[in-house]
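Before any comments, here is the structure.
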2 protein chains.
Amino acid sequence: MGMTRIDSNVSIYPMPVVLVGAVVGGRANLLAVGWISRVNHQPPMLSMSLSKRHYTNDGIREHKEFSVNVPGVGLLEKTDYCGLVSGREVDKSKLFDFFYGRLRNAPLIRECPLCMACTLVEAVSLPSNDLFIGEIVEAYADEGCLTAGSPDISKMQPFTLTMPDNTYWRIGEKAGNAWDAGRKLMQ
Amino acid sequence: MGMTRIDSNVSIYPMPVVLVGAVVGGRANLLAVGWISRVNHQPPMLSMSLSKRHYTNDGIREHKEFSVNVPGVGLLEKTDYCGLVSGREVDKSKLFDFFYGRLRNAPLIRECPLCMACTLVEAVSLPSNDLFIGEIVEAYADEGCLTAGSPDISKMQPFTLTMPDNTYWRIGEKAGNAWDAGRKLMQ
């Protein structure tokens, strides 16, 4: 079939799903975020974009610290809940077993297979969102989700998100080896 | 098992995989990119982070336009190839059937189920990467990959990437409904 023009408000397919943590009003708060990616190799940095109206943004600006936690599919309901209710109205500080590394304002989630503690490097103000760029200063992983010392996606069982159909998806079968599958096209 | 501290140079799980297009040295060039996400709701914007050494960056800076193309799993080898070889040494302008919308320096890939043409809004210089923020001004989709006018991931069949194991993965089974599955936790 042919290409057709569609509404330019399209997603990236698929989006990762993480829980962003910050301390707001003296307690841990969480937000479900799909607009996140790594942005710098060395030192390791990531960016995440949060709608300006979110409560979590205040805590990140105040303490210049936040956490990024990758939930497994077993935490899907709790993760979705964190995206449904605002910390302005609901106390989410009892939802998980939090722990802290060196950063005292980056609440890490013990139930998540992978947790990152970040310091704020830069905040870029966009028309409707705040793009926060952070340095990953510490990472913690569930020992049972590691293979050769690195997080193993088949053990972590993260999930992904698509919009506008608002659907979560599991990770599927292995499709190929990166930086390798294309070698047969090299001359 | 318990949480253990690991190297802070960790990935987001999983990463989407796209082909970024630009016109460099008078011809279309492509780069495989996993560090990409939406960053602004209205107008629609995305960001992508490219290592400063990439050839594509020159074209984006020169023309202030680029494309983001989401490949299906059938294009895995060609996509991987675009991440293995540099446009400085290899001509990638014949690898796909390119077409252009309103932006004459944003080469769109007819074989990809979803293509976005972007104008450069801002470039943030990070220590080892350029973070390009662009506005999605046009989007095109394969008519066969739409459901109710929107891209359908089950028809597009995009794939994802994990590092440091350098593996591509298919999208798996539906895991739940977003902004819905957590309702049962609301009081």
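Laboratory data are not the source of any read-out in this text; all were calculated from the coordinates shown. Being a predicted model, the structure only gives us computed values, none of them experimental. Here the Cβ positions follow ideal geometry from the backbone for every residue, glycine too, while neighbour counts run over all protein chains shown.
Numbers for the structure displayed
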{"quantity": "Per-residue HN-Hα couplings for the stretch B:80-96 [Karplus 6.51, -1.76, 1.60; θ = phi - 60°; Hz; x = Gly/Pro]", "calculated": "4, 4, 5, x, 8, 10, 8, x, 5, 9, 10, 7, 9, 6, 10, 6, 9"}
{"quantity": "Amide H contacts under 5 Å for residue A:159, placed H, 5+ residues apart", "calculated": "A:17"}
{"quantity": "Charge sum, other residues only, whose C-beta stays under 14 Å from residue B:4's C-beta, Lys/Arg counted +1 and Asp/Glu -1", "calculated": "-2"}
{"quantity": "Residue B:62-residue A:77 pseudo-label distance in nm [points 7 Å out on the Cα-to-Cβ vector]", "calculated": "5.6 nm"}
{"quantity": "Sites matching trypsin sites (Lys or Arg not before Pro) across the stretch A:83-114 that sit in DSSP coil, with at most 13 neighbouring C-beta atoms within 10 Å", "calculated": "A:88, A:94, A:102, A:104"}
{"quantity": "Surrounding net charge for residue A:144, when Lys and Arg each add one and Asp and Glu each subtract one, Cβ distance under 13 Å", "calculated": "-2"}
{"quantity": "Nearest-0.05 FRET efficiency for residue B:143 and residue A:102, computed from C-beta distance (R0 56 Å)", "calculated": "0.60"}
{"quantity": "Chain A: calculated mean residue ellipticity at 222 nm from DSSP helix runs of at least 4, using -39500 (n - 2.57)", "calculated": "-3000 deg cm²/dmol"}
{"quantity": "Vicinal HN-Hα couplings computed from phi for the stretch A:148-155 (Karplus, 6.51 cos²θ - 1.76 cosθ + 1.60; Hz; Gly/Pro x)", "calculated": "6, x, 10, x, 10, 4, 6, 8"}
{"quantity": "Entries in A:174/B:94; A:174/B:78; A:174/B:64; A:184/B:92 that, when Cα-Cα distance is taken, lie over 26 Å", "calculated": "A:174/B:94; A:174/B:64"}
{"quantity": "Distant-in-sequence amide H partners of residue A:41 (H built 1.01 Å from N, under 5 Å)", "calculated": "B:128, B:129"}
{"quantity": "Gaussian network model of chain B, springs between alpha carbon atoms under 10 Å - residue of B:134, B:87, B:172 with greatest fluctuation", "calculated": "B:172"}
{"quantity": "Amide H within-cut-off set for residue B:65, under 5 Å, with H built and near neighbours excluded", "calculated": "B:120"}
{"quantity": "For the stretch A:57-187: relative contact order, % (alpha-carbon pairs under 8 angstrom, 6 or more apart)", "calculated": "22 percent"}
{"quantity": "Rounded to the nearest 20 debye, dipole of chain A from Cβ charges on Lys, Arg, Asp, Glu", "calculated": "180 debye"}
{"quantity": "Residue with peak Gaussian network fluctuation, chain A [Cα springs, cutoff 10 Å], from A:148, A:22, A:32", "calculated": "A:148"}
{"quantity": "FRET E, pair residue A:120, residue A:94, Förster distance 30 Å, beta-carbon r, rounded to 0.05", "calculated": "0.70"}
{"quantity": "R0 of 35 Å, Cβ-Cβ distance residue A:187-residue B:166: FRET efficiency to nearest 0.05", "calculated": "0.95"}
{"quantity": "Max mean-square fluctuation residue, GNM over chain A, Cα-Cα springs under 10 Å, options A:90, A:33, A:137", "calculated": "A:90"}
